[in-house]
Every structure is written in C-alpha cells, then in structure tokens.
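Take a look at the structure set out below.
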Amino acid sequence: MEKDQKLAIFGTGGFSREILCLVVDLWSQTGIDFRQKACFVEQDKIWEEKFINDIPVIPESRFDPEKYLAIIGTGDPGVRRRIAEQLPKSTRFATVIHPGAVVSQWAEIGEGSVICAGTIITCNLKIGKHAHLNLHTTVGHDCNIGDYFTSAPAANISGICTFGDNVYLGTNCSIRQGVSICSDVTIGMGAVVVKNITEPGVYVGNPLTKLR
C-alpha cells in the first residue's frame, strides 16, 4: 500500500470481518494501525454511520478509488462478481495473504483474492481474480482455477485440476487429481469429486449427485 492509501472492505458480513482479522494479523508485522487504514463499505440504501470491530463503515458513494484499495468480502461468487463489475474502472484491488498461509513462489494469484490462515498453495498453478480460499484449504500442483472461486474451510484440491469461474467448494470437500469442473458449480460440504463436472449446478454427497 502507498503511504496515504487505505483499504476498503466491501460488505460487513462474516467473511468481511474475517478479512479484517487477516489484515490485522498481516499489518501487525509492519506496525500499521488497522484502525487508521481500513474501513468497511456498505450500499448507500442500507448504510448507517457506525463502527464495526473498531473501524468505520462508509457508504459506497464515498468510496474513492484514488484513496482506497478494494477487497470484496462477500462469500457468494456471483454477488462478488457483480460488485466488482459495478465498481469504477479505475478501482485497484488488494490481494491479501495471511502470514500463516504457505504459498509457493511458483503460484500465480489474481488480484482481489484472499488467502486465509493455514491454506497451502503449491507449485506451478494459477488462481484467478477475486478468489477466496478459506481456512486450511489445500491446492495441489498444476491446477488452473478460474475467477471468483470460493473454498470453504478445509477443502482439498489435488493436483492438475481445472476449474471454471464462479465455483464454490463446501467445507471438507475433496477433489481428485486431474478432475475438471465447469463454471457455475457448487460442491456441497464433505462431498467427494472423482469425475469431471460438465454441467452447472449444485452437487452433493459421496458418490456425488447433482441436485435438481
């Protein structure tokens, strides 16, 4: 961050507040006071003047892309995409990686992404923009993951997997090596994916079943 720049976290829900926890851990190593450098952002129609977890909440109309780096806190990939596309073209997005995450130097991570504590990202892989990798997610070698990806805690992705955009992995789900998953897919918690998924939808269980 530049000297006079601040961080704007869009949303005040659970994951937005977890992002603040991540930022506090990250900045504590540099001496930056999060109370002076961070804020939450809400839509004007629901905004009211207040503080949450010691930082102010500002209305979206007061967001200035010249003064703030942005990070989008909502966990829903579709909503996250809509917010990103509605922001001014000049908006610059932060990529936030917890100091307790293990990220290979041979991993490419897109702008606006959040990598939580305990996550392990190995080598020769690519993760798209505005991805959320929650606590203790693992990503194996040579994966190619699209934009607006979300993993809930403890999702495990084996090597050489390919994901489209707007994919959501539930808590404790497992993806077999070499599997491809198309865009707009939600995988339920604890599910086991051993075959390619070629149709958008919601999939649950072991063996995996698509919900109607």
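What follows draws every value from the coordinates through simple rules; no lab data is involved. Computed from a predicted model, the values in this text were never measured in an experiment. Cβ: placed from backbone, ideal geometry, glycine included. Neighbour counts: every protein chain shown.
Expressed in Å, the radius of gyration and Dmax of the Cα atoms of region 97-201 are 11.9, 37.
Looking at the calculated P(r) for region 6-93, what percent of the C-alpha pair distances fall above 23 Å? Before the final figure, lay out the partial values.
Values: 638 of 3828 pairs.
Tail of P(r) above 23 Å: 17 percent of Cα pairs.
Checking every one of the GluC sites (Glu not before Pro) in region 1-100 against DSSP loop status and a limit of 12 other Cβ atoms within 10 Å picks out Glu2, Glu48, Glu49, Glu66.
Its DSSP H runs of at least 4 residues, each contributing -39,500 (n - 2.57), put the calculated 222 nm mean residue ellipticity of the chain at -4000 deg cm²/dmol, to the nearest 500.
In the chain, the longest principal axis of the Cα atoms and the axis of helix 14-27 are about 70 degrees apart. Phi angles across region 60-71 convert, under the Karplus curve 6.51 cos²θ - 1.76 cosθ + 1.60 with θ = phi - 60°, into 3J(HN,Hα) values of 4, 5, 9, 6, 10, x, 7, 9, 10, 8, 10, 9 Hz, Gly and Pro given as x.
As a rough guide to protection, the peptides 170-178, 67-75 ranked by mean Cβ packing within 10 Å, highest first, stand as 67-75, 170-178.
Dimensions of the chain based on its C-alpha atoms, expressed as ranges along the principal axes with the largest first, amount to 49, 37, 28 Å.
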